[in-house]
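The values are calculated or read from the model by the stated rules, or taken from the named source; none is laboratory data. These numbers were taken from a predicted model, which means no experiment stands behind them. Calculation scope for accessible area: heavy atoms of the full protein, side chains included, ligands and nucleic acids excluded. Shrake-Rupley method; radii C 1.70, N 1.55, O 1.52, S 1.80 Å.
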Amino acid sequence: MNIYIQALVQCVFAYLGTVAFALIINVPRRALNLGGWAGATGWMVYWVLFKVGCSIVLANLLGAFAIGIAAIVFARWRKIPVIVFTIPGLVPLVPGGTAYEAVRMFVEGQTDAGIGYLVRVIMVAGAIAVGFMLAQLFGDLTKRRIRLR
């Protein structure tokens with residue numbers, strides 16, 4: 001399949017998945033579209049970096065950073081709390097499949113493989129947390145800089 005079509009499909013389904021989760025957790029209707037774009041932005045950053053050969057941890061970190069920055073921009077624009085955009089936005093990045101494989105390996109008695117998957121889940125979850133933290137730090141620094149002018 002053509003890479004442009006793959007990118008379009010990835011973007012559309014990241015957007016739809018984010019909006020669907022936002023509906024489940026009762027995000028205000030006026031924030032659904034932008035929340036979907038925050039999730040799609042983060043997923044596309046992750047997907048492009050993963051496609052060009054970056055590690056899964058770095059791709060998740062930068063994807064979470066992109067979601068955090070998009071959420072800060074959208075929250076300031078719409079005057080809505082940032083968390084309304086970040087929680088649904090992180091859904092595409094959650095390593096659910098890897099966590100499932102870790103549990104499955106432990107259940108099947110393959111402890112070494114299960115530990116490997118578990119370490120990967122912990123590293124990805126940590127990278128997502130650090131990405132959000134860096135985005136929040138960046139947002140605070142720019143907010144202070146804007147006030148000083």
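Any idea what angle helix 3-24 forms with the longest principal axis of the chain, computed on alpha-carbon atoms, 0 to 90 degrees, nearest 10?
Once rounded, the angle reads 80 degrees.
Can you show me the helix-derived [θ] at 222 nm for the chain, built from DSSP H runs with n ≥ 4 at -39,500 (n - 2.57) apiece and divided by the number of residues, rounded to the nearest 500.
-29000 deg cm²/dmol
Taking square-rooted eigenvalues a ≥ b ≥ c of the alpha carbon gyration tensor, is segment 3-148 rounded, prolate or oblate, where a/c under 1.5 means rounded and, failing that, a/b exceeding b/c means prolate?
Details: a/c = 1.87, a/b = 1.62, b/c = 1.15.
It is prolate, given that a/c is not under 1.5 and a/b is the larger ratio.
Taking a ≥ b ≥ c as the square roots of the Cα gyration tensor eigenvalues, with a/c under 1.5 meaning rounded and otherwise prolate when a/b beats b/c, else oblate, which class fits segment 69-149?
Working: a/c = 6.75, a/b = 2.81, b/c = 2.40.
Judged from the Cα gyration tensor, segment 69-149 comes out prolate (a/c at least 1.5, a/b above b/c).
Give the accessible surface of the chain per residue, rounded to a whole number of Å², with probe radius 1.4 Å and ligands, DNA and RNA excluded.
Working: 8970 Å² over 149 residues.
Here the residues of the chain average 60 Å² of exposed surface.
With a ≥ b ≥ c taken as the square roots of the eigenvalues of the C-alpha gyration tensor of segment 18-80, please select rounded if a/c is under 1.5 and otherwise prolate if a/b is larger than b/c or oblate if it is not?
Prolate, since a/c reaches 1.5 and a/b exceeds b/c.
If I fit a long axis through the Cα atoms of helix 29-51 and take the longest principal axis of the Cα atoms of the chain, what angle between them do I get, 0 to 90°, rounded to 10?
Approximately 50 degrees, to the nearest ten.
Carbon and sulfur together cover what percent of the accessible area of the chain at a 1.4 Å probe radius?
70 percent
Report the gain in length on full extension from Leu16 to Glu108: 0.36 nm times residue separation, minus Cα-Cα distance, nm rounded to one decimal.
Value of the extension gain: 29.7 nm.
On a C-alpha basis, how far is the centre of segment 18-33 from the centre of segment 61-114 in Å? Whole number, if you could?
Cα centres, segment 18-33 to segment 61-114: 16 Å.
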